Every structure is written in C-alpha cells, then in structure tokens.
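Presented below is the structure to which this report refers.
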Amino acid sequence: MIELDAAEVTAWSPDPAGGPDRVVRLLGPVSLRLAERRVAVVGANGSGKSTLARLLNGLVLPSAGHVRVDGLDTASDGVAVRRRVGFVFTDPDAQIVMPTPLEDVALSLRRTVPDAREREAHALAVLDRFGLADRAHVSVHALSGGQRQLLALAAVLATDPAVLVCDEPTTLLDLRWRTHVDRLLASLEQQVVQVTHDLEAAARAERVLVVDDGQVVADDEPGPAIAAYRALMGAAVAAAP
Ligand SMILES: Nc1ncnc2c1ncn2[C@@H]1O[C@H](COP(=O)(O)OP(=O)(O)OP(=O)(O)O)[C@@H](O)[C@H]1O
C-alpha cells in the first residue's frame, strides 16, 4: 500500500524579476492511499506527474508531509523503499549503465545473488523472460529503442520489486513496441503506477489520477477521470491565445 499524507514538494527557483531565488510549490499537498494493482497518472506537461511518481520511491522527498510504502517512510527508510519500489524512466538510456544487456541485468542482481556464476545464469533467465536472451552479449547501443526499454524494465524487475512505477515508459516507442511493453506491464504481478499521456493505457487502469498545476484534481475510475482530464485540456485549448 502506498500512502501519501499531505505530501508537498517545493523547490528553489530563480525569480524572473531578478530578485532573490524563491521557494515554489511543485506538488501538493496530496493525500492518497493507493492499493489498486493498476494506477495511471495523467495530466498536462509540467503539471507535476513526474514529481508525484518520483515521490513514490524516494527519488524526490517531500518537503512537508509523508510518503510511505508498506509502512516504510521514503525519507527515513529510503533504501528499503527503493528495494520495494522499482522505477522505470521514459528514456531507457537514463537507466542502462553497463555495456551489455547481461551485465546490466547482472548489476541489478549484485545484492540479491552474490555468486557471480549464479548471477549470470539468473540474469540470462531474466533476459529470456523478456525475449532478449539472444541479445545478452551485444552492445546495448546495438539494441533498438524498444529493446532498450525492455532491458530497462528487465533490469528493474530482476529483483522482483513489489511495486513498479513507470514514468511514460512507452512515449518513445512505435506502436508495435508500445503494444509489446503495454502487454508486458499488464502481465505483471506487481502493483504498477504508470504516468502516461496514452489515454488508451490509462483506460486499462483500475484507478486514474489527474494532476493539474501540482494538485490531484480528479481521482476516479478511468471513465470519469479521463473525461475530467479531457474537459480540463479542452478548457486550456479554448483559453489559449
Ligand atoms: N528541481 C526543480 N526545480 C524547479 N522546478 C522544478 C524542478 N523539478 C520540476 N520542476 C517544475 O515542476 C513542474 C512539474 O514538473 P514535472 O516534471 O513533475 O511535470 P510533468 O507533469 O511530469 O511534465 P511532463 O508531462 O512534461 O513530463 C514543472 O513546471 C517543472 O518545470
């Protein structure tokens, strides 16, 4: 269970008028309990979706309030939270650090599988599960964008986190790879919280959060939540000069 209690995120920002830096609120206060297996987060560019997603595994810490995962506070139990909550970025290149897929997945397993041979065998099995076994030893630069996104997912899921948070995991993918990754995400046992601009993907969630200007402005089943998001975007388009 993910719990946000009056969680706020603030940051220092330059004053456009040239005065001293000032504190701006990026998100919140947000209070939520997320127990559903499939949660989608939608909203305009810059509305605060990534900030919300990053709060869930302690990549961003709340400036006020608390975020807890299965009772573990992201501020005081960050390491334990990150073992429970895997995070997948939009751009897999932000995440892939090793020269080959095998080494990259093996790196994720270094804590849970101490023996090097066992670790390699385990990493190969993970790559096989993601359809990447025949790419295990090639340079990661020789992978397609879709294969790189799969590798990023494989490396995160290798340690079997209880929760997977994905920040627009299919935005850079063509329709074929998007469908492939969507199916893979749908097949997971884990709780998945997915930030997305893909309203078809959001419609498959059990619960959809709509973020606008740093606030959760709708929180509902997909039908009404997506309708609220469309209304919000329609109003923004109508108000544009
Ligand atoms: N460290 C920071 N300092 C100052 N402002 C920040 C910082 N991080 C994010 N912001 C601002 O906070 C707002 C929310 O950013 P966030 O990345 O959460 O939006 P988003 O909804 O994920 O956007 P997108 O759909 O474009 O990825 C934006 O206006 C962004 O510029």
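In region 185-201, which residues are away from the ligand (no atom under 12 Å from the Cβ) and either among the hydroxyl-bearing types (S, T, Y) or more than 16 Å from T90 (Cβ to Cβ) (or both)?
A186, S187, L188, E189, Q190, Q191, L199, E200
So for region 2-18 (the condition being of a type in the set (D, E, K, R) and either part of a helix (DSSP H, G or I) or within 12 Å of the ligand (Cβ to nearest atom) (or both)), does at least one residue qualify?
Our first condition is that a residue be of a type in the set (D, E, K, R); within region 2-18, this holds for 3, 5, 8, 15.
Now restrict to residues that are either part of a helix (DSSP H, G or I) or within 12 Å of the ligand (Cβ to nearest atom) (or both): none.
No, because not a single residue in region 2-18 is of a type in the set (D, E, K, R) and either part of a helix (DSSP H, G or I) or within 12 Å of the ligand (Cβ to nearest atom) (or both).
List pairs: first in region 17-35 and farther than 17 Å from L55 by Cβ, second within 16 Å of the ligand (Cβ to nearest atom) and small (G, A, S), Cβ under 9 Å, 6+ apart or cross-chain?
Filtered contacts from region 17-35: D21/S13; R22/S13; V23/A11; V23/S13; V23/S63.
Pick out the one residue from D93, D115 that is over 23 Å from L172 (Cβ atoms) and acidic (D, E). I'd like the intermediate steps shown before the answer.
Working: D93 fails: over 23 Å from L172 (Cβ atoms).
From the options D93, D115, the qualifying one is D115.
Go through region 70-87 residue by residue and tally those that are farther than 20 Å from R33 by Cβ and either hydroxyl-bearing (S, T, Y) or open to solvent by 50 Å² or more (accessible area, probe 1.4 Å) (or both).
3
I'd like to check something: does region 179-186 contain any residue that is small (G, A, S) and more than 22 Å from A225 (Cα to Cα)?
no
Just to verify a result, which residue in region 88-137, among those that are touching a residue at least 60 places away in the same chain (Cβ under 8 Å) and part of a loop (DSSP other than H, G, I, E, B), is surrounded by the most Cβ atoms within 10 Å (Cβ to Cβ)?
F89
Give me a count of the residues in region 138-151 that are surrounded by 15 or more Cβ atoms within 10 Å (Cβ to Cβ) and in a helix (DSSP H, G or I). Talk me through it step by step, then tell me what you get.
Going through region 138-151, the residues surrounded by 15 or more Cβ atoms within 10 Å (Cβ to Cβ) turn out to be 138, 140, 143, 146-151.
From what's left, in a helix (DSSP H, G or I): 140, 146-151.
Total meeting the criteria: 7.
Has region 56-70 got any residue that is of a type in the set (A, V, I, L, M, F, W, C), touching a Leu at 6+ places or on another chain (Cβ under 9 Å), within 20 Å of A203 (Cα to Cα) and within 16 Å of the ligand (Cβ to nearest atom)? Give the steps one after another, and end with the answer.
Step one: of region 56-70, the residues of a type in the set (A, V, I, L, M, F, W, C) are 56, 59-61, 64, 67, 69.
Going one step further and asking which of them are touching a Leu at 6+ places or on another chain (Cβ under 9 Å), we end up with 56, 60-61, 67, 69.
Next, from what is left, pick out any that are within 20 Å of A203 (Cα to Cα): none.
The answer is no; no qualifying residue exists.
When the residues of region 52-69 are narrowed to those that are within 12 Å of P29 (Cβ to Cβ) and part of a strand (DSSP E or B), which ends up least open to solvent (accessible area, probe 1.4 Å)?
Among those residues, the one meeting the criterion is V67.
Can you find a residue that is more than 18 Å from the chain's Cα centre (by Cα) and within 16 Å of the ligand (Cβ to nearest atom) anywhere in region 203-210?
No, region 203-210 contains no residue that is more than 18 Å from the chain's Cα centre (by Cα) and within 16 Å of the ligand (Cβ to nearest atom).
Could you tell me which residue of region 165-206 is surrounded by the most Cβ atoms within 10 Å (Cβ to Cβ), considering only residues that are part of a helix (DSSP H, G or I) and of a type in the set (S, T, N, Q)? Quick ask: steps written out before the conclusion?
Our first condition is that a residue be part of a helix (DSSP H, G or I); within region 165-206, this holds for 175-187, 199-203.
Filter again for of a type in the set (S, T, N, Q), leaving 179, 187.
Numbers: T179: 12, S187: 7.
Ranking the candidates gives T179 first.
Hey, any hits in region 12-30 for a residue that's touching a Lys or Arg at 6+ places or on another chain (Cβ under 6 Å) and modelled with pLDDT of 95 or more?
no
Quickly run through region 23-50 and pick out the residues that are closer than 17 Å to A225 by Cα, near the ligand (Cβ under 8 Å from one of its atoms) and among the aliphatic types (A, V, I, L, M).
Across region 23-50, the qualifying residue is only A44.
The values are calculated or read from the model by the stated rules, or taken from the named source; none is laboratory data. These numbers come from a predicted model, not from an experiment. All Cβ positions, glycine included, derive from the backbone under ideal geometry; neighbour counts span all protein chains shown. Surface areas here come from the heavy atoms of the whole protein model, side chains and all, with no ligands, DNA or RNA. Shrake-Rupley method; radii C 1.70, N 1.55, O 1.52, S 1.80 Å.
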